[in-house]
Amino acid sequence: MRYTIIHRDDDFSKEFTKNLHTALRFINFEENQEHPQLIITVGGDGTMLHAIHQYIDKLKEVSFVGIHTGTLGFFTDYTCDELDEFLADILKEPTFREHPLIETKCYGDTGLRHHVYALNESRVENIIQTQLIKVYINNEFFEKFRGNGMCISAQLGSTAYNRSISGAIIDSRLQALQLTEISGIHHRHYRSLNSPLVLHFDTVITLQSESFEGAMLIYDYLNINLHQTKCIEVKLSDKIVKFATFKKVSYYNRLRSLF
């Protein structure tokens, strides 16, 4: 088995990774950063997101498994105290949990400006001025929003930033998109849905504005300035992230770990 390790940049995770390399070589695993089959993350959810984006052009070839040494381990199946169990489990044949990435395309007057992917969410946020957004669902006008922005999350991302803005949590057995407002303005002149909207997995959400000046597109931990953008199209993509599962971990135990 060819593997690589992506670790959190703290002393404990570095030392743990060093010991893990030694143990993996002992069971005849081959380290290969260019063409791994299994990507092991040592850290937390942020480490997993970094690993996925680092190998985003090789997702068909790789799967991911995480060991938790950080502050939040929703994506990880093992803790740093379970190293012996992990080493025994990865000699077994895994099952795979598959999750589609969110695909976001940004258009301006001259055509496509940005084309990016995210696991958790893709959101438009403007903290400089009130952002006006016309929202279309499958090319049908839905609402005119005023506020800080909009967050579009997938099933995994429903427990991330989306949860912090009072979005709904989507069960792990469902694949869906969720549209959640960020600090909407609501009074007798301006009003939008003001509630999270959970949509079928094949929905296309389009956000239009005469100006996104001052706004950012934030996708997972990355961001893009939306200068000269007029239209943003968001949907679930054909790119799939595979999580290698060597043991059963209850989804509801994962949820409880958040609080």
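For region 145-157, indicate whether the set of residues that are buried (at least 23 other Cβ atoms within 10 Å of the Cβ) and aromatic (Phe, Trp, Tyr) is non-empty. Yes: one or more hits. Taking the condition among the aliphatic types (A, V, I, L, M) and closer than 16 Å to Asn126 by Cα, does Ile185 pass? In short, yes.
With the structure loaded, tell me whether Gly108 is in contact (Cβ under 8 Å) with a residue 12 or more places away in the chain, surrounded by fewer than 19 Cβ atoms within 10 Å (Cβ to Cβ) and of a type outside the set (A, V, I, L, M) or whether it fails that test. In short, yes.
Restricted to region 209-259, and to residues that are in contact with a Cys (Cβ under 7 Å, 6 or more places away or on another chain) and in a loop (DSSP other than H, G, I, E, B), which residue is nearest to Lys134 (Cα to Cα)? Across region 209-259, the extreme among qualifying residues is Thr229. Scanning region 186-208 for residues that are surrounded by fewer than 17 Cβ atoms within 10 Å (Cβ to Cβ), on the phi < 0 side of the Ramachandran plot and outside any strand (DSSP E or B) yields His186, His187, Arg188, His189, Tyr190, Arg191, Leu193, Ser195, Phe201, Asp202, Val204. Within the option set Tyr3, Tyr55, being under 19 Å from Phe246 (Cβ atoms) and among the hydroxyl-bearing types (Ser, Thr, Tyr) holds for one residue only, Tyr3. Here's a check for you: in region 84-136, which residue that is basic (Lys, Arg) and farther than 19 Å from Gln178 by Cα is farthest from the chain's Cα centre (by Cα)? Restricting to residues being basic (Lys, Arg) and farther than 19 Å from Gln178 by Cα, the top hit is Lys92. Please go through region 146-190 and pick out each residue that is over 20 Å from Pro100 (Cβ atoms) and among the small types (Gly, Ala, Ser). Answer for region 146-190, where residues must be over 20 Å from Pro100 (Cβ atoms) and among the small types (Gly, Ala, Ser): Gly147, Gly149, Ser164, Ser166, Ser183, Gly184. Check region 51-58 and report whether any residue there is among the β-branched types (Val, Ile, Thr) and more than 20 Å from Asn120 (Cβ to Cβ). Checked against the condition, which is being among the β-branched types (Val, Ile, Thr) and more than 20 Å from Asn120 (Cβ to Cβ), region 51-58 yields no hits at all. Counting only residues that are farther than 30 Å from Val62 by Cα and in contact with a Leu (Cβ under 8 Å, 6 or more places away or on another chain), region 200-210 holds 2 of them. Within region 118-161, the set of residues being within 20 Å of His189 (Cα to Cα) and of a type in the set (Lys, Arg) comprises Lys134, Lys144, Arg146.
Name every residue in region 137-172 that is assigned to a loop (DSSP other than H, G, I, E, B) and either free of Cβ contacts under 8 Å to residues at least 12 places away in the same chain or among the small types (Gly, Ala, Ser) (or both), in order of residue number. Scanning region 137-172 gives Ala154, Ala160, Ser166, Gly167, Ala168, Ser172. Within region 165-185, if we keep just the residues that are in contact with a helix residue (DSSP H, G or I) (Cβ under 9 Å, 6 or more places away or on another chain) and of a type in the set (Ser, Thr, Tyr), the residue that is surrounded by the fewest Cβ atoms within 10 Å (Cβ to Cβ) turns out to be Ser172.
None of the figures in this text is laboratory data; all of them are computed from the coordinates on show. As the structure is a prediction and not an experimental result, all values here were calculated from the model. Counting neighbours? That spans all protein chains shown, and the Cβs are built from the backbone with ideal geometry, glycine included.
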